[in-house]
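The values are calculated or read from the model by the stated rules, or taken from the named source; none is laboratory data. In this text, all values refer to a predicted model and were calculated from it rather than measured experimentally. With ideal geometry, Cβ positions are generated from the backbone for all residues, glycine too; neighbour counts draw on all protein chains shown.
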Amino acid sequence: MEIAILVYPSIRARKYLEYMKRHKKYPTSAIIMGSGEEEKLLRDMKAKVIKVPSKKFKNSMVYDAIKSLKEEVVIFTGGGIVPEELLELKRFIHIHPGITSEYRGSTCFYYSILKENKIGMTAMFLSNKLDCGDIINTHVYDVPNNINIDNEVDPELRADMLIRTLKENKNLVSKTLEKPGKNYYVIHPVLKHIAILKVRKNGITK
Amino acid sequence: MSYDYDGEKTYSYSEFIGEDFLRDYFNYRRGIMSRLNGISLEDYLRNYEIFKDVKSFDNCVTLSVRFLDEYEDKGDFRYLNASLKINDYLCSKGRYHNIIDTQLFWYVLSREINYIKRLCEGDDVDIWKLLF
């Protein structure tokens, strides 16, 4: 299956591209939003590159670029709410750092460390409801011994999950999320700190 | 700053900790003013079932007690998180001398401290450094 990628300038996008190159899961097209630092990496993978000088999803140039793609499936590398009109154009794969039947929202990474000392990942198609899209794949990871959670652990595990999904579910067969999990967001700094302490203590060194 | 504190028992502030500690803690919590990503505390709390029947937001401390009870019953960290945020809010909006019921306020804070201490058990952590 041919897949495109929407490159939002971020550590996560960079990590996705590095993993895709390393595992030879090349995107056939890419839309680079903003400054376009990832262009060389994409050219190395022979992807057709479209550059859009905007970092906003609600933008007519971004809309037109996505509409022009021949691929039906696009890897999403950003965060936040994706406008409805974009969701109507293509199917967007998003890697969510939590098992969506249990954990939804932006900080579930920390809550699952606090509660279970594990980190779940869900590959899903974006929908207009937060973390409620159809599920393509799930996996639960041990917590690595790295306290740089936001900038290293999160993008690394998401990138690994993306590759795992592209390898294990090549046709991207998905199923409906029957019962959405609780919504976790805006974690208090004290609880976040305790989660980081747990990573320092229990994290697994590979 | 150091305090000798037995975290397993909930003391009233006049019994044990005293006003100096409570004032320090209050001022510390004023300083945190935890981020809510641009939404109001009320909007944030609407995600919680137990907030849905709350008509007034005037008595934050009592609301915080309900969240702590819920955390104790269910072990769901979202409730402890909500209590921490309510009390940050309370401290940031008010002045120490305006707290109507200091005993109740201390009761809530000491419960929070107990739970946090338990979460850190086995870790080589100075709880007071974490909290201050």
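Points to keep in mind about this one:
- Residue within the stretch A:28-36 that is touching a residue at least 60 places away in the same chain (Cβ under 8 Å) and either hydrophobic (A, V, I, L, M, F, W, C) or outside any helix (DSSP H, G or I) (or both) present: no
- Residue in the stretch A:1-12 that is surrounded by fewer than 18 Cβ atoms within 10 Å (Cβ to Cβ) and over 15 Å from the mean Cα position of the chain (by Cα) present: yes
To keep it simple, each residue is scored yes or no on (1) of a type outside the set (S, T, N, Q); (2) at positive phi.
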residue: A:LEU87; (1), (2): yes, no
residue: A:ASN117; (1), (2): no, yes
residue: A:SER127; (1), (2): no, no
residue: A:ILE136; (1), (2): yes, no
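- Scan the stretch A:62-86 for residues that are part of a strand (DSSP E or B) and of a type in the set (D, E, K, R) and the total you get is 0.
- When each of A:LYS21, A:LYS25, A:LYS15, A:LYS40 is tested for being surrounded by fewer than 17 Cβ atoms within 10 Å (Cβ to Cβ), under 18 Å from A:ILE95 (Cβ atoms) and not β-branched (Val, Ile, Thr), the lone residue that passes is A:LYS21.
- The criterion of being in contact with a Phe, Trp or Tyr (Cβ under 7 Å, 6 or more places away or on another chain), within 14 Å of chain B (Cβ to nearest Cβ), in a helix (DSSP H, G or I) and surrounded by 15 or more Cβ atoms within 10 Å (Cβ to Cβ) holds for A:SER112.
- Whichever residue in the stretch A:50-80 is of a type in the set (A, V, I, L, M, F, W, C) and within 20 Å of A:ALA159 (Cβ to Cβ) and, among such residues, is surrounded by the most Cβ atoms within 10 Å (Cβ to Cβ): A:ILE75
- Applying the condition of being among the charged types (D, E, K, R) and surrounded by 14 or more Cβ atoms within 10 Å (Cβ to Cβ) to the stretch A:122-175 and asking which residue is nearest to A:ILE99 (Cα to Cα) yields A:ASP131.
- Taken as a whole, the structure places A:THR165 among residues that are at negative phi, among the β-branched types (Val, Ile, Thr), assigned to a helix (DSSP H, G or I) and away from chain B (no Cβ under 14 Å).
- Taken over the stretch A:181-206, the criterion of being in contact with a strand residue (DSSP E or B) (Cβ under 6 Å, 6 or more places away or on another chain) and more than 8 Å from chain B (Cβ to nearest Cβ) is satisfied by A:GLY181, A:GLY203, A:ILE204.
- Of all residues in the stretch B:58-89 being of a type in the set (S, T, N, Q) and crowded, with 20+ Cβ neighbours inside 10 Å, the one that is modelled with the lowest pLDDT: B:ASN87
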